[in-house]
Amino acid sequence: MRTPAAPTYLLPSDEVVDAGRWKDPDGVEIGDTINHWDPFTDLRVSRAVTVDLDAVRTECRLGPDAAFAVLASWRCPTRTRLGAAGERVDLGCTDGLVRAPVTVQVPGPDSGGRVDLTTRLVLLSAGAEPSPISPRRTGAVLWTHTQRVALEGSAARFPMTAVDFGTIARVPDGAAWYVDWDHEDLSAPVLGGVRLLLNSTNLRIIGAVRTASDDPAAALIRSLIECDVARQLVRAALDNEQFVQTPEAFPDDSVGRMLSELLAMVWPGIPVAGLRARALNEPARLDAELQERLLG
Amino acid sequence: MTALLPRLDREQTLLQIEHARSLTLEEIAALMPVTEVKTTSSPLGGMELPEEVFSTLRATIVALAREHGYPGERARLPLFDAACARLVHDQFQISPNEASEEDAWSHITCCWLLDVAAWRWGGMGKGDERRFRGDVNRNTFRRLWWRAEILGPDIDLMLLGEDELVSIMERPIVASNRALTRSLVNQFLARVQDGDDGGRMVLMREAGKRLVRLTPIIDFHALDQTELDSMLRDILDAAANGDPLPAAASVVKSAQISEGVERVARAPVLDTPPEAPREALESAAAELEDLFEVAIGIARRTGRVTNSALREVAPIDPVAARRVLQGLVDRGSLARRGQAKGTYYVLPNAPAVAGEDRASQSIAPPGAPAWVPAAEKTLRRFLSRYRKD
């Protein structure tokens, strides 16, 4: 069991600080989970902190020349174990009730798993005549609040990478997306066996797949990509003799199992052999049924 | 774009390790690289590194190991580790997020460098399997990558001993802060390079302990570089002398105020007209009595009342709530218990409240409407006056 910290100096009561909710740059409050987070997106959040400096001074027995600051920091204790802080906001020797904005940016590549957002009121200077039991050290923590936020969420994701297609010989430079997989090796794991490549030079496509995209066409673009990827996967699966004969024989988390589940979701109750016949005789109908299921 | 590393799951990793335990170093080396495995990679990120990168890394690290005795007697292992850390870190342009994946380090170790890892630890035999799978603190190469990452390119890893590095890296609360860690190492090296190198291993251990003890009460992120260096010098001095950290001197600093900080009016008595209308004061007095009743009601129902509990029922700010509760203490209607963050109020002569379960009980009586002040500013003035009186 962790031993609670026992500062050897006076602490103010909790009520001396009133902190607003953490918000993203659009002013939207963040909850305890950020879904669709990815390690290429920095998380920038801010909150307003109101401090009753008169009460802090009184309860800590500090004089009017004592100076304070507030700051926010982050730490990812479960994955990267890294942390850092946003800019320190100096409150100086102000008295009365003051409000200060604190902001922190959590770099995507440095984070993951869970991020603890900690807001603190700290002492910068104890002034000329602190009492013997007043806080004295620069950086002494007077008030703290930590909010845990789960990154990544729990939603399953299709493997995806943004890359300049000019650097990949097998893909046309100007294509917008490309499903990179070996459709003969369906026992390969999904994470490793199949990957959607997005052309990083196509800014509209890249922007559209971001969760926070403000492009009004983003949802449509995402649906089109999803539909096209599913169509390619379905067509290739139904072309694969081994898959058609034994669609249930692939291990969990394999490409073959994913395809088997995809077919069962779109065409529940229809045998794979029947779907193959439809793909040969009525390919347009098969595509339309897929659209209906995914876009409907 | 960052690179992705192939990942080898725990089951396949352990199979590789168990298989290698009965082999000689030469036989393990002959198995490298192991490509007949199923690997995965992150669903999001850059492109998986091609095999050539791993081939090059293997060739470079084997050559480095040979300089230190591989496959025979091991020599100057700290220097091998230091050079290997830079090689692994520079070869893989991966993010800390990617470098936090156990299965990625299992793949590197078991499929490309298992012979070097076995040599580094004196053979596999019944040795610690965590050296070979991607354990966060023990994996042969993962721990080296992180040393290079945390300490940065400007610190010469060859100047630090294994025990000193472990003292830093296996204290996550210290190693999580790159600036703190680098400052600690720089101050430590400056000290030992000045000739004070007696018992340097003990010095770092003791400094690490003192530093960890300070982390809950000092926010090191709040210190600028000069302040950080100064505090770490003090910590090293205390560690060297076996003393506690000296008391901080009273300091008066220039008190700048950051942009964006604003004073918030709270209707102090001096800022308001000398007299509020009599009706408003009477109304505020009535509302104050209502608040007193609400607070006492909470204490009666749940055994205690806290500032936040009162604010759940009455839309007042923490300062006003504190004054209401203090007002009841002054009247003798409530008694204050606990202190600072643990402050709560109970009815006089009530026993101390044990446990926190009461805090989660509903504090409002069933069906009770939320208390809404009709003239909040007037009420606050009244509260100020009440306290003054």
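The values are calculated or read from the model by the stated rules, or taken from the named source; none is laboratory data. Being a predicted model, the structure only gives us computed values, none of them experimental. No Cβ is skipped: glycine too gets one built from the backbone with ideal geometry, and neighbour counts run over all protein chains shown. Protein only, heavy atoms only, side chains kept; ligands, DNA and RNA dropped before computing areas. Shrake-Rupley method; radii C 1.70, N 1.55, O 1.52, S 1.80 Å.
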Q.
Out of the residues in the range A:53-76 meeting the condition of being within 35 Å of the chain's Cα centre (by Cα) and at the interface with chain B (Cβ under 7 Å from one of its Cβ atoms), tell me which one is farthest from B:Glu170 (Cα to Cα).
A. A:Ala69
Q: Output the residue which, of all residues in the range B:236-268 that are more than 7 Å from chain A (Cβ to nearest Cβ) and over 29 Å from B:Asn186 (Cα atoms), is modelled with the highest pLDDT.
A: B:Glu259
Q. With respect to the numbered conditions (1) surrounded by fewer than 19 Cβ atoms within 10 Å (Cβ to Cβ); (2) at pLDDT 95 or above; (3) among the small types (Gly, Ala, Ser), which one is the sole condition not fulfilled by A:Ser131?
A. (2)
Q) Considering only residues of the range A:32-47 that are assigned to a loop (DSSP other than H, G, I, E, B) and open to solvent by 40 Å² or more (accessible area, probe 1.4 Å), which is farthest from the other protein chains (Cβ to nearest Cβ)? A) A:Asp32
Q | Check on B:Val353, touching a Gly at 6+ places or on another chain (Cβ under 6 Å), closer than 30 Å to A:Ser134 by Cβ and either at pLDDT 50 or above or assigned to a loop (DSSP other than H, G, I, E, B) (or both) | A | yes
Q. For the range B:77-171, which helices (runs of 4 or more DSSP H) that fit wholly inside it have 2 or more residues that are within 13 Å of another protein chain (Cβ to nearest Cβ)?
A. B:102-112, B:142-151, B:162-169
Q | Scope the range A:20-31; condition over 28 Å from B:Gln256 (Cα atoms) and not in a loop (DSSP other than H, G, I, E, B); matching residues | A | A:Glu29
Q. Out of all the residues in the range A:80-93, is one or more farther than 23 Å from A:Ile30 by Cβ, within 7 Å of another protein chain (Cβ to nearest Cβ) and in a loop (DSSP other than H, G, I, E, B)?
A. yes
Q) Of all residues in the range A:20-48, how many are modelled with pLDDT of 95 or more and of a type in the set (A, V, I, L, M)? A) 2
Q: Write out, first by first residue and then by second, each pair whose Cβ atoms fall under 7 Å of each other, whose residues are 6+ apart or on separate chains, and whose first residue, in the range B:309-325, is within 11 Å of chain A (Cβ to nearest Cβ) while the second is assigned to a helix (DSSP H, G or I) and charged (D, E, K, R).
A: B:Pro318/A:Glu15; B:Pro318/B:Arg311; B:Val319/A:Glu15; B:Ala320/B:Arg380; B:Ala321/A:Glu15; B:Ala321/B:Arg311; B:Arg322/A:Glu15; B:Arg323/B:Arg387
(Q) Given the condition open to solvent by 10 Å² or more (accessible area, probe 1.4 Å), without any contact (Cβ under 8 Å) to a residue 40 or more places away in the chain, part of a strand (DSSP E or B) and not polar (S, T, N, Q), answer yes or no: does some residue in the range A:48-70 qualify? (A) no
Q) Going through the range B:176-209 one residue at a time, which ones are open to solvent by less than 20 Å² (accessible area, probe 1.4 Å), in contact with a Phe, Trp or Tyr (Cβ under 8 Å, 6 or more places away or on another chain) and closer than 22 Å to A:Ser73 by Cα? A) B:Asn177, B:Leu180
Q) Among all residue pairs at least 6 apart or on different chains, which show Cβ distances below 8 Å where the first residue, located in the range B:256-271, is farther than 16 Å from A:Val102 by Cα and the second is modelled with pLDDT under 90 and assigned to a loop (DSSP other than H, G, I, E, B)? A) B:Asp271/B:Ala265
Q. If B:Thr60 passes every condition in (1) β-branched (Val, Ile, Thr); (2) more than 14 Å from chain A (Cβ to nearest Cβ); (3) crowded, with 22+ Cβ neighbours inside 10 Å but one, which one does it miss?
A. (3)
(Q) With the requirement that a residue be in contact (Cβ under 8 Å) with a residue 12 or more places away in the chain and open to solvent by 10 Å² or more (accessible area, probe 1.4 Å), what does the range B:210-227 give you? (A) B:Arg210, B:Val212, B:Leu214, B:Thr215, B:Phe220, B:His221, B:Gln225
Q. In the list A:Asp116, A:Asp173, which residue meets the criterion of being among the charged types (D, E, K, R), at pLDDT 85 or above and in the same structural domain as A:Asp54 (by TED's automatic domain parsing)?
A. A:Asp116
Q) Which condition does A:Leu196 not pass, out of (1) open to solvent by 50 Å² or more (accessible area, probe 1.4 Å); (2) in contact (Cβ under 8 Å) with a residue 12 or more places away in the chain, if it passes all the others? A) (1)
Q: Return a yes/no flag: does the range A:88-100 have any residue that is buried (at least 24 other Cβ atoms within 10 Å of the Cβ) and within 16 Å of B:Ala179 (Cβ to Cβ).
A: no
**Q.** Lone qualifier among B:Arg322, B:Arg301 - being modelled with pLDDT under 80, under 40 Å from the mean Cα position of the chain (by Cα) and assigned to a helix (DSSP H, G or I)
**A.** B:Arg301
Q: Kindly indicate whether any position in the range B:27-35 is under 30 Å from B:Glu164 (Cα atoms) and touching an Asp or Glu at 6+ places or on another chain (Cβ under 9 Å).
A: no
Q: Would you mind stating whether A:Pro77 is part of a loop (DSSP other than H, G, I, E, B) and without any contact (Cβ under 8 Å) to a residue 40 or more places away in the chain?
A: yes
Q) Which condition number in (1) over 27 Å from B:Ala175 (Cα atoms); (2) surrounded by fewer than 22 Cβ atoms within 10 Å (Cβ to Cβ); (3) modelled with pLDDT under 95 is the one that B:Met124 fails? A) (2)
Q.
Taking the criterion of being of a type in the set (Asp, Glu), open to solvent by 20 Å² or more (accessible area, probe 1.4 Å) and touching a residue at least 60 places away in the same chain (Cβ under 8 Å), would at least one residue in the range B:80-100 satisfy it?
A. no
Q. Of all residues in the range A:235-250, which are open to solvent by less than 70 Å² (accessible area, probe 1.4 Å) and over 23 Å from A:Leu295 (Cα atoms)?
A. A:Asn240, A:Phe243, A:Val244, A:Thr246, A:Pro247, A:Phe250
